[in-house]
C-alpha cells in the first residue's frame, strides 16, 4: 500500500476478459478457444483471472460451458481462477468445478439493480448470505462488484454516498475485496478522486479495486487517479473485450495491454509481459473475427507492418 498521492510499487491486475469481456460479445467462443485464451493469459504473467460465470445460460449464453471449462483448466497453484456467481446454486456449481474464488455483484443504483437482477439492492444482498456462509465453510474467498459507481444508464447520476453504503455492506458481509465499477464508462478522474476519498473512509484502500470501462475514453485517466489515491488492484480485459450492453456507444473495458503499457511506463511492477498479452489479445480478437480494441496492440501492429 502506498501513501496518499504516491503511486504503488506494484499493481495486481484482475483479468476479466474471459468472463466480463466475453459475456458481452455477440459471438460465443468454443470451450477449446476459451481454454487456450486462459492459458495465454497465464503464460503472459497474469495471476488472477476471472475465467467464467455460473449464471443461467438462458440469460447469458456466452457463459455456457463454464463447468466444463473450469474442470478442464490445467490450474497452476500460483494462479487464482475466479468465477462470477449470482446465487447459492451458482456457487455450488463453481465449487464443484474447482473455482478458487467467487465474485458476487450488485449496484449502487436501485434502477440498475432492478433492471439487471430483478430485485432491489437490499434483496440482492440477502441472496448473497448463503454464498458467504458456504464460502466460509469451504474457505473460498469472495470478491464483490459494485456497478454504476460513476453513473447509471437508467437514473443518470449516482450519489457517492450510495456507492459508499453498498461497498461497506459488501465488506461487512464478508467480501475480501470490493471492485468499484464505472459500468457505463462516464466517470472522470475528478469523480474517481472524490469517490475514493469517501469510500476509503469506510473501506480500507487495500481492499478496493477499480473496474473502468472506456466508453468516454477516460479509463486510463481514471485508473491513474485511483493509483494516486492508493488503489493497487485494477480490473482489465484483454483486447478491450466487452462493455456494458446498457450503455450507448460503449466501447468495452479498459484493455489489459493498454493498462500494462501505462503501468510499465510509470515504473510500476504488474508481472505481465507486454508482447505476450498483446499476442493473447490478438488471438481472441481473431477468434471473434474482429480487431483488437487495444490502442497499444494496434500501434504495435502498425509498427510491425
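Rule-based calculations on the coordinates, nothing more; no lab input. The model shown is predicted, which means the values in this text are computed figures rather than measured ones. As a convention, Cβ positions derive from the backbone with ideal geometry for all residues, glycine included, and neighbour counts pool all protein chains shown.
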Contour minus Cα-Cα span, residue 224 to residue 32, at 0.36 nm per residue, comes to 65.6 nm
Comparing 289, 168, 20 in a Gaussian network model of the chain (Cα, 10 Å), the one with the largest mean-square fluctuation is 289
Among segment 98-132, those whose backbone N falls under 19 Å of a label point 7 Å along Cα→Cβ from residue 157 are 108-112
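Among the DSSP beta bridges whose two residues both lie in the chain, what percent are antiparallel, rounded to the nearest 5? Kindly include the intermediate steps, with their values, before the conclusion.
Values: 2 of 34 bridges.
Taking every DSSP beta bridge within the chain, about 5 percent pair in antiparallel fashion.
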Correct semi-axes for segment 109-167, from √(5λ) of the alpha-carbon gyration tensor and rounded to whole Å with the largest first, are 25, 13, 8
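For the chain, what does the alpha-carbon gyration tensor say about shape, rounded, prolate or oblate, given a ≥ b ≥ c as the root eigenvalues, a/c under 1.5 as rounded, and a/b over b/c as prolate? List each step's numbers first, then the result.
Working: a/c = 1.37, a/b = 1.08, b/c = 1.27.
It is rounded, given that a/c, with a ≥ b ≥ c, falls under 1.5.
Would you mind calculating the gained length between residue 197 and residue 176 on full extension (0.36 nm times residue separation, minus the Cα-Cα distance), in nm to one decimal? Mind showing how you got there, number by number?
Details: separation 21, 0.36 × 21 = 7.56 nm, distance 1.94 nm.
Here the answer is 5.6 nm.
Rounded, prolate or oblate for segment 179-224? Axes are the square roots of the Cα gyration tensor eigenvalues, ordered a ≥ b ≥ c, and the cut-off for rounded is a/c under 1.5.
On the way: a/c = 2.33, a/b = 1.84, b/c = 1.27.
Because a/c hits 1.5 or more and a/b exceeds b/c, segment 179-224 counts as prolate.
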Relative contact order of the chain (C-alpha contacts under 8 Å, at least 6 apart) in percent is 22
Here P(r) for segment 105-203, Cα-Cα distances in 5 Å bins, as whole percents, is 2, 14, 25, 24, 18, 11, 4, 2, 0
